Amino acid sequence: MKVILLQELKGKGGEGDVIDVAAGFANNYLLTQGIAVKATKGNLKQLEQRRHNIAKREETRLADAAKMQEALEKTSIKVIAQVGDEGQLFGSVTAQMIADACKEQAGLEVDRRRIELGKPIKTAGEHEVVVSIYRDIKGTVKVNVVGENDAEEAEAEAEEAAAAEEAAEAVAEEAVEAEAVAASADEPEAEAAAE
């Protein structure tokens, strides 16, 4: 059965494409979900009139997908999980965990269904995960899986470093104030000696 797609259908085509699918798939899924319409003469005529608008939307989608791909390539996220002694995870890192981390840490909206894990991530360390963005455009995000204990230690070290930096700034401010007081105390003596 020939249908006209109203939106992208993974592996089949994009908006405005005329594809041939099984009648059951068309009637039970595509037509009922509003993903496609039957390819009748009237609908094909309307499609020809809308081709220009569809082409503009396609350009916009491709440009957005290219930006998203560039952003993903630069992104490195951290996922905290329970890790055993040998670096093996208790469970695995899921696509939903990666999508949530992308949103929290990088501000990128990634649909969990577009994350292609292949095989589950079951070890700590750095992994590259492929994200299908739009049609054939894919991006790769670096996922650093760390244990809860390692994350707590890193957070404690960061807090200690921040506290040490604050203490160093306070000491530097006191030194500047002491120099200013000493300089102001020397000025009256210098003036008295000049007279």
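The values are calculated or read from the model by the stated rules, or taken from the named source; none is laboratory data. Predicted model only: the values in this text are computed from it and were never measured. Cβ placement follows ideal geometry from the backbone for every residue including glycine, while neighbour counts extend to all protein chains displayed. Just so you know, the surface numbers come from the protein's heavy atoms only, side chains and all, with ligands and any DNA or RNA stripped out. Shrake-Rupley method; radii C 1.70, N 1.55, O 1.52, S 1.80 Å.
Quick notes
- Scanning the stretch 12-46 for residues that are in contact with a helix residue (DSSP H, G or I) (Cβ under 8 Å, 6 or more places away or on another chain) and either open to solvent by less than 70 Å² (accessible area, probe 1.4 Å) or not charged (D, E, K, R) (or both) yields Gly14, Glu15, Gly16, Val18, Val21, Ile35, Ala36, Val37.
- Check on Val3, of a type in the set (A, V, I, L, M, F, W, C) and open to solvent by less than 50 Å² (accessible area, probe 1.4 Å): yes
- Of the residues making up the stretch 98-146, those that are outside any helix (DSSP H, G or I), open to solvent by 60 Å² or more (accessible area, probe 1.4 Å) and within 29 Å of Asp85 (Cβ to Cβ) number 7.
- Taken over the stretch 7-25, the residue count meeting the criterion of being closer than 14 Å to Thr40 by Cα and not β-branched (Val, Ile, Thr) is 3.
- As a summary of the residue check, Gly107 satisfies the conditions (1) touching a residue at least 12 places away in the same chain (Cβ under 8 Å); (2) closer than 30 Å to Glu58 by Cβ; (3) among the small types (Gly, Ala, Ser) except for the one numbered (1).
- For Lys2, the requirement of being farther than 23 Å from Ala106 by Cβ, of a type in the set (D, E, K, R) and in contact with an Asp or Glu (Cβ under 7 Å, 6 or more places away or on another chain) is met.
- With respect to the stated conditions, Arg113 is at negative phi and among the basic types (Lys, Arg).
- Residue in the stretch 27-35 that is at pLDDT below 95 and either under 30 Å from Gly125 (Cα atoms) or touching a Pro at 6+ places or on another chain (Cβ under 7 Å) (or both) present: no
- Across the stretch 6-46, the qualifying residues are those that are of a type in the set (Gly, Ala, Ser) and part of a strand (DSSP E or B), and the one among them that is farthest from Arg57 (Cα to Cα) is Ala36.
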